[in-house]
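The structure appears right after this line, and notes come after that.
The values are calculated or read from the model by the stated rules, or taken from the named source; none is laboratory data. Keep in mind the model is a prediction, meaning the values are calculated, not measured. All Cβ positions, glycine included, derive from the backbone under ideal geometry; neighbour counts span all protein chains shown.
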Amino acid sequence: MLRRSGLGVLFGTVMVDMMGFGIVLPLLPFYAEELGASPRWVTLIIASYSVTQLLAAPIWGRFSDRLGRRRLLLIGLLASVLSYLMFALADNLWELLISRATAGAAGGTVGIAQAYVADSTEGEERARGLGLIGAASGLGIMLGPAIGGAFSGFGLGVPGYVAAGLCLVNLLAAVVLLPESRHFRSGKADASRGEAATFKLWVRSLGRFPLRVLLLVYFLTLACFTSMTSVLALYTERVFAMTAADMGLVFTLAGGCTVIVRGGLVGRIVKKFGEPNTMRAGCLLLALGVGAIPFLSDRWQLWFLVPVWASATGLIFPALHALISRATDEHSQGSVFGGSQVAGGTGRVLAPLAAGHLFELYSIESPFLVGAAASAVALWLALRIPAPAAPEAEEKLDPTDRWTGPVAAHEPRDQPDTKSP
């Protein structure tokens, strides 16, 4: 079982990472323009974070399988400290670009935190631990902009020092309180024997059942969510004349609902209904919550709809990540979680672009309808995922044999021999 001190440091690691992201993101366009940036430069600097995070996540994961989670998390926190210091000290656009790219690469360690939880929990308890990691992310996003706004009055670079200081405190806490995760401490880890031991095997492992279906569900649901959030302010401004302050309250409510569901409810729900049913319920709620937006007739109705799609993400992602973990052998958790970050990151990058295209060229309602359709497809795919084996039997089974039900029985078993070097 994951020790409280370890979970607290992991919670802080993810929260501080997302808090730092939230601290600087609202200020970034103004900071870049102060340094002489054109709109193209502003979008390039903003996009650099997501691009390097997407590229770095699988690399962090693979190295953590070989070198240990703790060591890589400490390196990631140190990189975050340096990136925010560089942000605070930047006096030209190239330094600002490098600072955000470095922060994005350091942010790829979220998959390591998920793998750490997977190392240290079993069965349905895993969804609760992963839910807390998700709650930390939501809490960081909620608090970050408020902290950045409060300190921006002292200078646009000052919030960078604040973010660096928070990361440094968490780094010191991790050095003292964070042990290596369980199977490394017991000496049983051997990444060379895992199903993702080489790049070729890693690609094959991501393409086998049920991982390929789970990753596609992750891509579709995250694409639905990010496309909706990217154009929601534009839609409500045109339809309901809502202001930036109104949207700040909307996203604060959404973040609060997500934190409550991920941090306190999802573990109980999974324990009662199981991960597959929890994930399916979330997909259904997300499709309904996003698809209903174009049919609202008054702005007050939005306040009742926000908890629907916010709670949906709180159900989907912890259950989904728990299923991804339980479908993976103990030697490959970091590698496969890194692969899931690639799937999710691709959705985060492509979905806003597609939503903006639909919003501008077709209709302002179309991004929400298309997003709801994507979540409906995710629900259809999620119905194909049977329940994994009971926790007590899971450790004795190969990952390809941990799934019960008629779907698993008819899936091809063309896996490589993962026990050979």
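Each row is one residue, and each column tells you yes or no for (1) β-branched (Val, Ile, Thr); (2) at pLDDT below 85; (3) buried (at least 24 other Cβ atoms within 10 Å of the Cβ); (4) out of contact with any Ser or Thr (no Cβ under 8 Å at 6 or more places or on another chain).
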{"position": "59", "(1), (2), (3), (4)": "yes, yes, no, yes"}
{"position": "74", "(1), (2), (3), (4)": "no, no, no, yes"}
{"position": "81", "(1), (2), (3), (4)": "yes, no, no, yes"}
{"position": "87", "(1), (2), (3), (4)": "no, no, yes, no"}
{"position": "90", "(1), (2), (3), (4)": "no, no, no, no"}
{"position": "93", "(1), (2), (3), (4)": "no, no, no, yes"}
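Kindly provide the set of residues from the stretch 27-57 that are of a type in the set (Ser, Thr, Tyr), within 18 Å of the chain's Cα centre (by Cα) and modelled with pLDDT of 80 or more, ordered by number. Selection gives 48, 49, 52.
Do we have residue 335 as under 16 Å from the mean Cα position of the chain (by Cα), surrounded by 20 or more Cβ atoms within 10 Å (Cβ to Cβ) and at pLDDT 85 or above here? Here the answer is no, as residue 335 does not meet what is asked. Annotation note: Cβ proximity below 7 Å between a residue of the stretch 328-353 that is farther than 24 Å from residue 116 by Cβ and a residue that is crowded, with 24+ Cβ neighbours inside 10 Å and of a type in the set (A, V, I, L, M) (sequence gap 6+ or interchain) occurs for 350/223; 351/223.
Can you pull out the residues in the stretch 336-392 that are under 26 Å from residue 200 (Cα atoms) and of a type in the set (Phe, Trp, Tyr)? Result: 337, single match.
Exactly one residue out of 274, 314, 291, 344 is more than 18 Å from the chain's Cα centre (by Cα) and either assigned by TED's automatic domain parsing to the domain that holds residue 134 or within 30 Å of residue 238 (Cα to Cα) (or both): that is 291. In the set 252, 226, 221, only one residue is part of a helix (DSSP H, G or I), crowded, with 22+ Cβ neighbours inside 10 Å and under 22 Å from the mean Cα position of the chain (by Cα); that residue is 221. Tell me, please, whether a residue that is in contact (Cβ under 8 Å) with a residue 24 or more places away in the chain and under 15 Å from the mean Cα position of the chain (by Cα) can be found in the stretch 84-94. Checking the stretch 84-94: not a single residue is in contact (Cβ under 8 Å) with a residue 24 or more places away in the chain and under 15 Å from the mean Cα position of the chain (by Cα). In the set (1) closer than 17 Å to residue 326 by Cβ; (2) without any contact (Cβ under 8 Å) to a residue 12 or more places away in the chain, the condition left unmet by residue 155 is number (1). Of the residues examined, residue 293 is one that is touching a residue at least 40 places away in the same chain (Cβ under 8 Å), farther than 30 Å from residue 112 by Cα, among the hydrophobic types (A, V, I, L, M, F, W, C) and buried (at least 23 other Cβ atoms within 10 Å of the Cβ).
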